[in-house]
Structures are given as structure tokens and as C-alpha cells.
Amino acid sequence: MKKIKVGIVGLGRLGRKHAENLAFRIPRCELTAVCSVIEEEVQEVMEAWNIPYGYTKYEEMLENKELDAIFIASPSNFHCEQIKQALSLGLHVFSEKPLGLYIKEAYDVHQAVKAHPNQVFMLGFMRRYDRSYMAAKEKIEAGVIGEPFLIRCYGLDPANKMDSFLKFARANYSGGLFLDMSIHDFDLARWYLGTEAKEVWAIGGSYARPEFDEIEDAETGAAMVRFENNSIGIFVAGRNCAHGYHIETEIIGTKGTLRIGTVPERNQVVIMKDEGVIQECVDGFLERFEQAYLSEAEEFINCILQNRKPGVTVEDGVQSTILGYSCKKSFEMRQLIEVKAENMIYE
């Protein structure tokens with residue numbers, strides 16, 4: 001039975017999880033090659049998991065003729081060029097979000113994907129594969145809450161991860177708060193509301209860590225979006241969540257409301273002590289979305305095997321990048337921004 005041979009670039013926190021799923025949890029997938037600029041990461045994974053090929057240069061991995069597909073989990077600023085390189089060599093490509101940090105490069109990838117219609121391209125908007133978010137989509141389509149007209153999203157990272165994030169951001173890898181964190185929420189809003197953004201107002205600042213001011217980013221930010229059908233989006237993102245990793249989504253419709261993740265509980269255990277009643281919270285995205293990361297990787301491999309395209313398209317990546325970049329510009333310029341690609345500065 002044919003197996004899809006995959007090479008992965010990027011072995012950080014998320015890349016390591018993707019690599020583990022590809023190596024051990026997807027029956028018709030074989031993790032054949034790993035790549036990282038950190039040689040120790042490559043050697044560790046090769047030896048521990050018996051991976052036949054390891055590289056510290058992405059271009060060298062692409063020369064491996066055994067590979068069918070490439071999984072991109074490198075820092076965000078490398079995504080676009082690595083996607084185009086892999087597609088040009090006839091490889092199927094999965095890339096982590098965001099598609100790009102700038103609108104022009106996102107459009108360049110869009111053109112590259114369209115130029116290779118026989119190859120599978122998939123973007124890592126994993127929340128679409130989370131069981132709770134999928135169930136919410138089904139209820140919206142079934143008319144359970146009527147016509148959705150407002151979405152409210154919280155995306156809050158644990159405070160204890162701020163030091164590691166600041167190191168990441170100073171290397172210019174993130175693209176800023178809205179492109180790095182809110183991009184998932186922007187994709188969900190488009191998915192649930194079935195419309196594109198029209199205008200945005202974004203604000204934010206540094207409250208616990210002034211270092212965010214130094215890199216011209218927000219520690220915590222908020223954006224209000226008006227969509228083309230006059231529906232509303234309210235998005236809050238932050239790096240300083242004391243109780244853990246808190247991802248919450250609310251969709252309000254004309255006949256009801258859906259909420260996902262109101263309490264970011266780790267499990268159903270409740271601790272009762274002299275301090276009170278305690279529910280432990282999830283510690284990070286790898287824990288909260290463990291099932292979704294596996295499901296999206298399974299979908300990518302199945303699309304290749306079945307010669308079909310995934311539900312998450314390159315257009316989803318382009319439109320979410322446009323909205324994320326619009327929020328970034330609104331925050332930096334302190335003004336209302338009309339969400340049109342031609343109004344953005346191509347950098």
C-alpha cells in the first residue's frame with residue numbers, strides 16, 4: 001500500500017509535534033526527512049525516530065527525489081519562499097499559518113498555487129479541524145442560531161511564555177500580534193460569517209512588559225471589524241494571560257448564540273481545597289488543539305492519496321493575511337482602515 005513520503009522543515013515546538021504526528025500517527029504517511037537550521041534538533045529526531053534523512057539547509061532537502069510532500073513549520077517569514085520552492089519542484093505542500101507577513105508575498109503564493117493545480121496545497125488553520133469548532137459550523141449551517149451577525153474572539157497566550165515569544169519577535173519572525181495570533185480568529189470569522197472584512201479599527205499597547213513597545217508591537221490588542229454584510233467582529237489577542245492558554249469564541253445570531261471554550265479547562269477534574277474550587281486550565285496551543293493538529297495532517301495526506309483538494313484554500317490564507325495586515329496598519333497608524341489590498345503598503 002502506497003505511503004506518502006514527507007519532509008518537514010522546522011523542528012520547534014509546533015514543528016516537533018507535526019513531525020511526531022507524521023512519523024507515528026498517520027498510517028499511510030512516512031516521515032522521510034527532517035530539516036532545521038539547528039543541527040542538534042535534526043540529529044536528535046533522526047536518531048530517536050529512525051528518520052533516514054536529515055538536513056540543515058531546506059534547498060538540500062528539496063533535492064531528495066524520494067519525497068512526495070513538504071510540511072512547512074518554519075518561522076513565518078520563511079513560509080512564502082519555501083512554499084514556492086517546493087511547488088516548483090512538483091511537491092505537495094502543507095504550510096503553517098500565516099500564509100505571509102505581507103500582502104504582496106501572499107498574492108505571489110496564490111499565483112504559485114494556481115500555477116500547480118495538480119498538487120495539493122493546504123494551510124494550517126487547524127481550528128477548522130477541532131471537533132468543537134466543526135460542531136459550531138454545522139450548527140450555524142443548520143440554522144440553529146439563525147443568521148450569525150457578530151463574532152467575538154479571545155486569543156490569550158500564557159504569561160509564562162512571554163520571554164520566549166519576545167526572543168522570537170525580536171528576530172522578526174512573528175509579523176506582530178494580529179498576524180501571529182489573531183490570524184486563526186480572522187479565518188474563523190470568515191468561515192462562520194461567510195463574508196469578507198470591510199473596515200477595521202485596532203488598538204493595543206504594552207501593559208506588563210514594556211519590551212513590546214521597543215519592538216513596535218502590542219502585548220495585548222483589540223480590533224473591531226465591520227464585514228461586507230454589515231456583521232461585526234470583535235477580536236482580542238494578548239500575551240499575558242495569568243491563568244493559562246485561553247481561546248474563546250462566541251457567535252451571536254438572530255435566534256441564538258454559540259460559545260466555544262468559555263472555560264479553558266484542561267479536563268473534567270475539579271479540585272476542592274481551602275483556597276476554593278479550582279479547575280486547571282490548558283497550558284498552551286499544543287495541548288488545547290492536539291486533536292486538531294493530527295486531524296489536519298491526516299486530511300493533508302488523505303487529499304494527496306485521494307487526489308482531491310482540502311477545504312482550507314490558498315484564498316483563505318490571502319484573505320486572512322489582508323485582514324491581519326490591515327489590523328497591523330490600523331494599530332500602527334491609529335486610525336480606521338478600509339480593508340482593501342490595494343490600500344495596503346506592499347512591503
For region 117-154, give me each residue that is assigned to a loop (DSSP other than H, G, I, E, B) and of a type outside the set (S, T, N, Q). PRO117, VAL120, PHE125, ASP130, ALA142, GLY143, VAL144, ILE145, GLY146, GLU147
Pull up region 68-90, narrow it to residues that are crowded, with 21+ Cβ neighbours inside 10 Å, in contact with a Gly (Cβ under 8 Å, 6 or more places away or on another chain) and not aromatic (Phe, Trp, Tyr), then point me to the one that is nearest to VAL113 (Cα to Cα). CYS80
So LEU323, is it part of a helix (DSSP H, G or I), open to solvent by less than 60 Å² (accessible area, probe 1.4 Å) and more than 21 Å from PHE186 (Cα to Cα): no
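Output yes when any residue across region 99-117 is of a type in the set (S, T, N, Q) and open to solvent by 10 Å² or more (accessible area, probe 1.4 Å), and no when none is.
As a first pass, look at region 99-117 and keep what is of a type in the set (S, T, N, Q): 111.
Keeping just the survivors that are open to solvent by 10 Å² or more (accessible area, probe 1.4 Å) gives 111.
Yes, that holds for at least one residue.
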What number of residues in region 165-205 are at pLDDT 95 or above and hydroxyl-bearing (Ser, Thr, Tyr)? 3
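Hey, does region 34-54 have a residue that's within 18 Å of GLU296 (Cβ to Cβ) and open to solvent by less than 30 Å² (accessible area, probe 1.4 Å)?
Start the filter on region 34-54 by keeping residues that are within 18 Å of GLU296 (Cβ to Cβ), which leaves none.
Checked against the condition, which is being within 18 Å of GLU296 (Cβ to Cβ) and open to solvent by less than 30 Å² (accessible area, probe 1.4 Å), region 34-54 yields no hits at all.
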Scan region 215-240 for residues that are closer than 21 Å to ASP180 by Cβ, at pLDDT 95 or above and hydrophobic (A, V, I, L, M, F, W, C) and report the count. 8
Search result, residues across region 136-158 that are open to solvent by 30 Å² or more (accessible area, probe 1.4 Å) and either under 30 Å from ILE8 (Cβ atoms) or at pLDDT below 95 (or both): LYS137, LEU156, ASP157
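The values are calculated or read from the model by the stated rules, or taken from the named source; none is laboratory data. Just so you know, these numbers come straight off a predicted model, no measurement behind them. As a convention, Cβ positions derive from the backbone with ideal geometry for all residues, glycine included, and neighbour counts pool all protein chains shown. Only protein heavy atoms, including side chains, enter the accessible area calculation; ligands, DNA and RNA are left aside. Shrake-Rupley method; radii C 1.70, N 1.55, O 1.52, S 1.80 Å.
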